[in-house]
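First up is the structure itself, then whatever we jot down about it.
The numbers here are math on the coordinates, done by the rules we state, and not lab data. All values derive from a computational prediction rather than experimental measurement. Positions of Cβ are generated from backbone atoms using ideal geometry, with glycine treated the same way; all protein chains shown enter the neighbour counts.
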Amino acid sequence: MYGTYQQQDRLTEDEILQGMLERRHHFAKLDNSRGYQHTFRRKSRWELVRLSLLIVGIECTYATETALVAPILLGIGLPHTIMTMIWATPSIAGLLFAPVIASVSDRLRSRWGRRRPVMLALGISILTGMLILPNGSAIGELLGLTSVGWLATITTIGLIMSDFSAETSNGMCRTYAMEVCTIRDQARVLSIMVLTGGIGATMGALFGAIDWNRLGIGRYLGGNDASVFAANWIVLFVGLLVTLTSFSEIPLPVQESEPMLRPVTQKMLLDEVKRVDGGGGVEVEQEDVQEVVGFKQFLLNVLHMPRSMKVLCLTQLLSHMSYLTYCLYYTDFVGATVYEGDVRAFKDSPAAQRYADGVRFACLGMALCSTTSSIYSIFIERLIVRFGARSVYVGGLLAHCCGMLAMGLVPHKAVVFSCCALTGIMYATIYSIPFLLISHYHSKNCFVEVDGQYVESIERRGFGVDVSMMSSMLCLAQLMVSLAIGSVIDAVGSTIIITFISSAFMLCAAGSAMAILYMGL
């Protein structure tokens, strides 16, 4: 027996939750050597930041890749069509393997937990890929493989290792953080992840805006691009180390054998509220260990998604298609259209210098985007409370839609720079609200609304798998954008077309967001 409730006065839901957490915290402290008691207490802001530092490195990697991969591939001598197809290779890997990795993680029985071993392996892959990506030409020369095809192949290997692993780690890190936090801390950690992610993206963009050759560092590290990736490598390494050592996970076998060491879910809380209101005396522990989903069950989860998840995934897909159309081609757009430069011009020629200046200016715009995202993430939780998740979600998407339209109609430096702030609002939105909604669905175990009532699901769905599917929308979007947009740019003959395409995608996403099931958020 772990305690009873006093029924003289009706307890609030927060008081009942606190009682459940205190009993589990006390139980976990009985075996202090295992250190699981942190799972049942409120985390400080610094502790949530520690959980989020890997996101800093991941977002720094994204910013570096989006700023420099296109110029690197175009500089090898590839046309836009082939360059964008190469961008599709990490997406194909993500669609094939990211959900499988999430499914394996859900069932992992390691003493180190389910998420951290996977995060460590993916982190090593990112770090290795970042060493290869900017040094493809140097590695090719070292191996005697100097043709355009071989240089592109070597660079593509680095891109797949870094981009695929970064995206898979993104969802895995969020899953890990939400599992070691209480249900009241989950919204806080997601907001802090958007904040710290914005800081990381700002750092990556600012790294790209620095002329490392002029500082002299580029001569020692193999050039400007290699210097940017080296700075990014350090940030990612530190973030990975801090996050992996932040909090221990409760291993799956321990959760199976000790009911009092299972994290308190929203469903458990609601069941306990009903029991207390019904006059029960002792807390019932009938909650099964959740999210243990095998590959067969994973396939069923994908094939039989409830409508709420389908609409949420569609909205995220369209949002990422819009964002990727912007971010994958933004530096090339500014360098070629706004600054009227040429990436294939002779080195040190005026056209080549204008293009390089345009890329660095574009990096400053991307830094503004990331900074705005960080600032906006501080207020997004309060905005949801005041205006509702639907209004905040749709409004954030429409901000980017209007910004892209203005950027295309008036391709002036001041406009293309300032409109990046609107994209920052959108970025904070799509990396917080969708994951918060998934957590909300799973915590209540409800995915369907019938006649205004939320119906409890009888189908087992893995939380890690659903988060991974949401993250996989980025891979699918990147695949679709990579295979199509490059041909459109070559056909039109100008990168300005990307602004109108991006705006159209986001308008469709905003329409889809209106149909999402928000369940009172």
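A few points about this structure:
- By the Cα gyration tensor, region 385-461 has an equivalent ellipsoid whose semi-axes, rounded to whole angstrom, run 36, 12, 10 from largest to smallest.
- All aspartates and glutamates inside 12 Å of residue 43 as judged from Cα atoms, apart from same-chain residues fewer than 8 positions distant: 185
- Binned Cα-Cα distance frequencies in the chain - 10 Å width, integer %: 4, 19, 29, 25, 14, 7, 3, 1, 0
- Cβ-Cβ FRET estimate between residue 364 and residue 41, R0 fixed at 30 Å, reported to 0.05: 0.10
- With the convex hull of its Cα atoms as the shape, region 402-521 has an orientation-averaged projected area of 9.2 nm².
- Alpha-carbon geometry of region 185-281: the Rg and the Dmax are 23.2, 75 Å, given in that order.
- Angstrom value of the Kirkwood radius, inverse mean 1/r, which spans all Cα pairs in region 60-127: 14.2 Å
- Mean Cα-pair separation over length for region 342-427, i.e. relative contact order, pairs under 8 Å, 6 or more apart, %: 37 percent
- Peptide ranges 60-67, 349-356 listed from the most packed, as the mean C-beta count within 10 angstrom indicates: 60-67, 349-356
- Computed from backbone phi, the HN-Hα couplings of region 139-154 come to 5, x, 5, 5, 8, x, 10, 10, 6, 4, x, 5, 4, 5, 5, 4 Hz, rounded to whole numbers (Karplus: 6.51 cos²θ - 1.76 cosθ + 1.60, θ = phi - 60°; Gly and Pro given as x).
- For residue 444, the lysines whose Cα comes closer than 19 Å to its Cα, not counting residues fewer than 8 places off in the same chain, are 267, 274, 310.
- Förster radius 25 Å - calculated FRET efficiency between residue 141 and residue 348 (Cβ-Cβ, nearest 0.05): 0.75
- Surrounding net charge for residue 329, when Lys and Arg each add one and Asp and Glu each subtract one, Cβ distance under 15 Å: -3
- Summarising the label geometry, the points placed 7 Å from Cα in the beta-carbon direction at residue 10 and residue 256 lie 4.1 nm from one another.
- Surrounding net charge for residue 62, when Lys and Arg each add one and Asp and Glu each subtract one, Cβ distance under 10 Å: -4
- Estimated 222 nm signal from helices in the chain, with DSSP H stretches of n ≥ 4 weighted -39500 (n - 2.57), rounded to 500: -24000 deg cm²/dmol
- Over region 1-127: Kirkwood hydrodynamic radius from C-alpha pairwise inverse distances, Å: 19.5 Å
- Interchain or long-range residues, amide H under 5 Å from residue 447's placed H: 455, 457
- Unpaired cysteine residues in the chain (no second Cys Cβ under 4.7 Å): 60, 173, 181, 313, 327, 363, 401, 402, 419, 446, 475, 508.
- Folded to 0 to 90 degrees: helix 80-107 orientation relative to the chain principal axis, Cα: 20 degrees
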